[in-house]
There are 2 protein chains.
Amino acid sequence: MSVTAARGFRAAGIAAGIKQNGNPDLALVVNDGPRRAAAGVFTSNRVKAAPVLWSEQVLRTGRLSAVVLNSGGANACTGPKGFQDTHATAEKAADVLGLGPIEVAVCSTGLIGVLLPMDKLLPGIGTAAAQLSEHGGEKAAIAIKTTDTVHKTSVVTKDGWTVGGMAKGAGMLAPGLATMLVVLTTDADADSETLDRALRAATGVTFDRVDSDGCMSTNDTVLLLASGSAGVAPPYEEFAEAVRAVCADLARQLIGDAEGAGKDIKVEVINAATEDDAVEVGRSIARNNLLKCAIHGEDPNWGRVLSAIGTTSAAFEPDQLNVAINGVWVCKNGSVGDDRDLVDMRYREVHIVADLAAGHESATIWTNDLTADYVHENSAYSS
Amino acid sequence: MSVTAARGFRAAGIAAGIKQNGNPDLALVVNDGPRRAAAGVFTSNRVKAAPVLWSEQVLRTGRLSAVVLNSGGANACTGPKGFQDTHATAEKAADVLGLGPIEVAVCSTGLIGVLLPMDKLLPGIGTAAAQLSEHGGEKAAIAIKTTDTVHKTSVVTKDGWTVGGMAKGAGMLAPGLATMLVVLTTDADADSETLDRALRAATGVTFDRVDSDGCMSTNDTVLLLASGSAGVAPPYEEFAEAVRAVCADLARQLIGDAEGAGKDIKVEVINAATEDDAVEVGRSIARNNLLKCAIHGEDPNWGRVLSAIGTTSAAFEPDQLNVAINGVWVCKNGSVGDDRDLVDMRYREVHIVADLAAGHESATIWTNDLTADYVHENSAYSS
């Protein structure tokens, strides 16, 4: 499963000693071809970690033979030494695997502002390479966890070809992208332009619309590698839909495992004048701390939804707004609607619909409630 | 003190029964002249409460003889009936005080989406009018509290004239403005244009730079009334500085009493290319939930500061950023700086300096930490 569900890939996950607690912390994914096409999408944060700067360069070739991923340290805000460390990581993997460093992407996740223990990481690459297996996807997915409580994988199999992948991410989940590392693989025969197009289309409506806490990471990376070993070149739309499905599944798993969350909140904005309006309103609602607290308290506080909508530049008239929470239209025409006591909020998933009554476009943003556990987890994380 | 520190003003604060717990909930402020000039600044939220819509209209005259304020209900998202209630409130006050309704501003604060109990509010206006006093400022300040733990007042006395005021606000504190009601009074002789200019200059660098939780209210109102009874028309700069000083003092008190907060965080952005850049970066840092959790945990997590800066469009180079927390430059040139263990975070006030190394402009934004108490208070508030 995971990154080895598609043929032509091997993977491994080991404990290299980067994490002091001895948990798995180093993963390796290798594309055995025959094709080695690849595409990547990276954080839009202007403060980018060293591995992001490196991998962005590598991806310009449209070709990737291996990916090294580590948890236990983000290698972000680490200056020139941090970049040298990323470079050394790619060189070591290239050396062990008989590749050029320019064929090796590097991903890191963990604390910002701390150098990686290279004396542990570099030998670990050799160890991981020795354990590479066509069944190693699960172990690789486990090795990239940070505060994730579960590892996340997904697979879609079509007529003779497959798209699979793994993801990590539990905090700092925000657009452009979440704090997450994602590696997707496929045995379909696709060139890097096709991969890039399908990947951008997919991330734009999946990972980019997951907004757990409004915070954007320095390390977000989503890679898509194609081996071509299935010998099938599917029609673009069919391929893009499979990539989107895997991304959507992984994004939903990220929200479901967000740090300290008790509720997964689906914010659906409908009847917007434009899709951009719908996304802007959805994000504003998803980032409203007061609303997120109310949802935590199982309080269908629609006034906070309206207050969040009111801060946007989207087209709407305040006295035409409608809001439903879990199917009950608690706000109609900008004012009190159906009885809020009818709203059943006992379950983990909460569905908010904001009707802007201004057009025919829509968008969905996923977020979480704001809880004391989130505060606890993020006030104690680095200490 | 408060709104009755300046001569020419009377005020009252009573329990009208709007709040079910019997606490004071209705305030009245009257300007006895000889001048009755006024200016107002209102929420930039597009979903505006009925009293905001009314008071914005009233203020277009540049003249105000009285202000009615209630806690216990925001009268926001209450449709045409809510607006009728605000109008009836102004009419009742005008009737009791021998004024025209167009001379009466109305302010409301409390839960959104609930109609006010007019059978309590309207008789309360008569009761309050009967208690109007030149010493009533304190009682008025108490009557506008919602989740405030203390009432907030401030006074600046200059050579023969005074600016005083009261404020309420403890949550939803965000730019343009915080969830707050503020009434400022002065006995200086100033026309409405002067008041408007001084008030906008003051709120732009005080209330607009308080950002406790990123949430913007539907009801924010700041009013400045001049009676002219001191018979002194101070130079503009001197007057504007006094208004700014009272606003700055009240804004600081709002942060110090923010819901559930354990730390008051001063985010100072220096060496920005423009003041707008400095404000944008300051707000991004102030709204970063992960950083706010870290500060709560007394963790000088500068990586989260850099991550927040990186999401802005301000001019900077990532490898030239410097960050100090409580005087220790924990980040230098975008990387690890002085030992973070040197940072003493035991006290309530935390000072973050972000040096963009891109120019000579600066701005300061105040915020709070994110705590389990904030979550608790805001998940249980309406239920």
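The values are calculated or read from the model by the stated rules, or taken from the named source; none is laboratory data. Predicted model, so just to flag it, every value in this text is computed and none were measured. Here the Cβ positions follow ideal geometry from the backbone for every residue, glycine too, while neighbour counts run over all protein chains shown. Areas reflect the complete protein model, heavy atoms only, side chains present, ligands, DNA and RNA absent. Shrake-Rupley method; radii C 1.70, N 1.55, O 1.52, S 1.80 Å.
For the stretch B:297-318, enumerate the residues that are within 17 Å of A:Asn219 (Cβ to Cβ) and out of contact with any strand residue (DSSP E or B) (no Cβ under 7 Å at 6 or more places or on another chain). Give the derivation first.
Pass one, the stretch B:297-318, residues within 17 Å of A:Asn219 (Cβ to Cβ): B:301-311, B:318.
Those that are within 17 Å of A:Asn219 (Cβ to Cβ) and out of contact with any strand residue (DSSP E or B) (no Cβ under 7 Å at 6 or more places or on another chain): B:Asn301, B:Gly303, B:Arg304, B:Ser307, B:Ala308, B:Gly310, B:Thr311, B:Pro318.
When residues in the stretch A:45-72 are screened for being within 14 Å of chain B (Cβ to nearest Cβ) and open to solvent by 70 Å² or more (accessible area, probe 1.4 Å), 2 of them pass.
Here the stretch B:322-348 is the region considered, the condition is being β-branched (Val, Ile, Thr) and more than 30 Å from the chain's Cα centre (by Cα), and the residue that is surrounded by the most Cβ atoms within 10 Å (Cβ to Cβ) is B:Val330.
Among all residues of the stretch B:27-43, there is none that is touching a Pro at 6+ places or on another chain (Cβ under 8 Å) and either closer than 20 Å to B:Thr86 by Cα or in the same structural domain as B:Glu103 (by TED's automatic domain parsing) (or both). Only residues that are modelled with pLDDT under 90 and within 11 Å of chain A (Cβ to nearest Cβ) were counted across the stretch B:258-277, and they come to 2. In this structure, A:Thr218 does not satisfy being open to solvent by 10 Å² or more (accessible area, probe 1.4 Å), among the polar types (S, T, N, Q), within 17 Å of the chain's Cα centre (by Cα) and within 25 Å of A:Ala286 (Cα to Cα).
Residue-by-condition table, conditions (1) over 18 Å from B:Asp249 (Cβ atoms); (2) open to solvent by 10 Å² or more (accessible area, probe 1.4 Å); (3) at pLDDT below 95:
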{"position": "B:Val114", "(1), (2), (3)": "yes, yes, yes"}
{"position": "B:Leu132", "(1), (2), (3)": "yes, yes, no"}
{"position": "B:Ala140", "(1), (2), (3)": "no, no, no"}
{"position": "B:Lys168", "(1), (2), (3)": "no, no, yes"}
{"position": "B:Leu173", "(1), (2), (3)": "no, no, yes"}
{"position": "B:Met180", "(1), (2), (3)": "no, no, yes"}
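Considering the stretch B:315-348 alone, what residues qualify as being out of contact with any Pro (no Cβ under 8 Å at 6 or more places or on another chain), basic (Lys, Arg) and in contact (Cβ under 8 Å) with a residue 12 or more places away in the chain? Scanning the stretch B:315-348 gives B:Arg346, B:Arg348. A Cβ distance below 6 Å, combined with a sequence gap of six or more or placement on separate chains, defines the contacts here; from the stretch A:128-142, residues that are farther than 16 Å from A:Val183 by Cβ reach residues that are among the small types (Gly, Ala, Ser) and modelled with pLDDT of 95 or more in the pairs A:Gln131/A:Ala12. Residues of the stretch A:354-381 that are more than 9 Å from chain B (Cβ to nearest Cβ), open to solvent by 10 Å² or more (accessible area, probe 1.4 Å) and of a type outside the set (A, V, I, L, M): A:Asp355, A:Gly359, A:His360, A:Glu361, A:Ser362, A:Thr364, A:Trp366.
Please verify whether the stretch A:232-251 includes one or more residues that are closer than 30 Å to B:Val375 by Cβ and within 14 Å of chain B (Cβ to nearest Cβ).
no
Any residue in the stretch B:73-102 that is free of Cβ contacts under 8 Å to residues at least 40 places away in the same chain and open to solvent by less than 50 Å² (accessible area, probe 1.4 Å) sitting within a Cβ distance under 6 Å of a residue that is among the polar types (S, T, N, Q) and part of a strand (DSSP E or B)? List the pairs, counting only those 6 or more apart or interchain. That search, which allows pairs on different chains as well, returns B:Thr78/A:Ser335; B:Gly79/A:Ser335.
Right, A:His351: closer than 24 Å to B:Leu290 by Cβ and either open to solvent by 10 Å² or more (accessible area, probe 1.4 Å) or without any contact (Cβ under 8 Å) to a residue 40 or more places away in the chain (or both) or not?
no
Which condition from (1) at the interface with chain A (Cβ under 9 Å from one of its Cβ atoms); (2) at pLDDT 95 or above is the one that B:Ala324 breaks? Here B:Ala324 clears every test but (1).
Do we have B:Asp187 as more than 28 Å from A:Gly310 (Cα to Cα), crowded, with 22+ Cβ neighbours inside 10 Å and either out of contact with any helix residue (DSSP H, G or I) (no Cβ under 9 Å at 6 or more places or on another chain) or modelled with pLDDT under 95 (or both) here?
yes
Here's a check for you: in the stretch A:73-90, which residue that is touching a helix residue (DSSP H, G or I) at 6+ places or on another chain (Cβ under 7 Å) and among the polar types (S, T, N, Q) is farthest from the other protein chains (Cβ to nearest Cβ)? For the stretch A:73-90, the residue satisfying everything is A:Thr89. The set of residues from the stretch B:16-35 being under 23 Å from the mean Cα position of the chain (by Cα) and open to solvent by 20 Å² or more (accessible area, probe 1.4 Å) comprises B:Lys19, B:Asn23, B:Pro24. Restricting attention to the stretch A:278-321, which residues are away from chain B (no Cβ under 13 Å) and open to solvent by 10 Å² or more (accessible area, probe 1.4 Å)? Within the stretch A:278-321, A:Val279 is the sole residue that qualifies.
Taken as a whole, the structure places A:Gly73 among residues that are within 21 Å of A:Ala141 (Cβ to Cβ) and in the same structural domain as A:Gly231 (by TED's automatic domain parsing).
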